[in-house]
1. For a test of the definition: using alpha carbon positions, the gyration tensor, and the 1.5 limit on a/c, classify segment 223-301 as rounded, prolate or oblate.
2. Need the list of aspartates and glutamates near K124 for cross-linking: C-alpha distance under 15 angstrom, and skip anything on the same chain fewer than eight residues off.
3. For the chain, how big is the tail of P(r) above 31 Å, as a whole percent of Cα pairs?
4. With +1 assigned to the C-beta of every Lys and Arg and -1 to the C-beta of every Asp and Glu, and no other charges, what is the dipole magnitude of the chain about the Cα centre in debye, to the nearest 20?
5. What do you get for Rg/Rh of segment 292-337 when both radii come from the Cα atoms and Rh is the Kirkwood radius?
6. Per 5 Å bin from zero, what fraction in whole % of the C-alpha pairs of segment 27-122 is there, up to the bin with the longest pair?
7. Considering Cα pairs under 8 angstrom that are at least six residues apart, work out the relative contact order of segment 223-301 and quote it in whole percent.
8. Based on the alpha-carbon gyration tensor of segment 214-265, what equivalent-ellipsoid semi-axes (square roots of 5 times the eigenvalues) come out, in whole Å, largest first?
Amino acid sequence: MSEMAGIPDRLPTRLTELLGIRWPLLLGGMMWLSDARLVAAMVRAGGMGFITARSSRTDEAFRQQLRDCRALTEGLPFGVNLTLSRRAAQNDVMLTRLRMALEEGVRIFETAGLPPTPLLPEIKAAGAVVVHKCAHVRHAVAAQNMGVDAVTLVGMEEGGHPGNNQLPTFLNGAYALERLQVPLALGGGIGHGRQIAAALALGADAVVMGSVFTSAVETPAHPAYKQRVVATDEHGTRAVLGSLGDTWRVIDNDNARKVAALEQAGASSYAAFGELISGERTQALAYHAGQHEEGMLSMGPAVGFARAIEPVASIVQRLQRECVQAGRQFQRLPLLA
């Protein structure tokens, strides 16, 4: 036990063993935000993070991110997120960046979006690990049958893109655990250590989080954006674009309300929303310039647990303490007597 924190040095599960980490905490790839510094901070704190391959504007910039992260983690393993788009023309870059990551020694990958079929042969040939993220139990089972090493299953509470899934995280997980044999991570609306303990008690092997880390010191975003995150409570997000089959849960800012109004008025294509849903615009205005009422700011209701701008290590230590405290309460239940 760590005398200073009063928590175990590690909490072993099938996923911690698979990924070579100390705690079953995963920081999922967040577009524009999961860069080398943030990912390395999560890795050093004992969890796993994934550099988002799509966030780099050029291949050269992506390779530099990989090298920076390797230096910052001082030899500890880190991951790369490879998200496949429904627009096939945008996916060639993912195969290119997979090969670059393998060249740079990365052996842990988070895949998302479409099934990872185009990526799996080269990942498996390199002896690398792939954790596929999806929103439906049937997709998790399909990924298992394809040969992925683990699955992340997200519920409707997930910030960003939970798909058209209408099941909450823990209900989704309970169904999945009846059908999966590979390790399972649960994500969506998780930002407190009690929820980590609950997920492990349910039978999951880890949790995936994002929103609670958006106000971290190491997150590459403007201080004004982070203050907006801290000021947002559990009721401060909304889901839009469900009519396009591409639900997007974001902070309920001026931009999101404009998108919702267009959707209610009958907008039925991406083009109809114009620059309001542009990722580049979000990155430039909100993350870079701090104009937090502009852009689609992916966020789930767990944002209410992001109560300060603080280092990743502090957030992880709090989550660990809360998890251990909840676990000790659970151990006192009569069913374990």
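Rule-based calculations on the coordinates, nothing more; no lab input. The structure presented is a predicted model; accordingly, all values stated were derived computationally and were not measured. Here the Cβ positions follow ideal geometry from the backbone for every residue, glycine too, while neighbour counts run over all protein chains shown.
1. Oblate shape, in that a/c is at least 1.5 and b/c is the bigger or equal ratio.
2. E103, E110, D149
3. Percentage above 31 Å: 28.
4. Values: 32 positive and 31 negative charges, 84 e Å.
It comes to approximately 400 debye.
5. Ratio value, two decimals: 1.20.
6. For segment 27-122, the pair-distance distribution reads 2, 15, 29, 26, 17, 8, 2, 0.
7. Relative contact order comes out at 37 percent.
8. So the equivalent ellipsoid measures 25, 11, 10 Å along its semi-axes.
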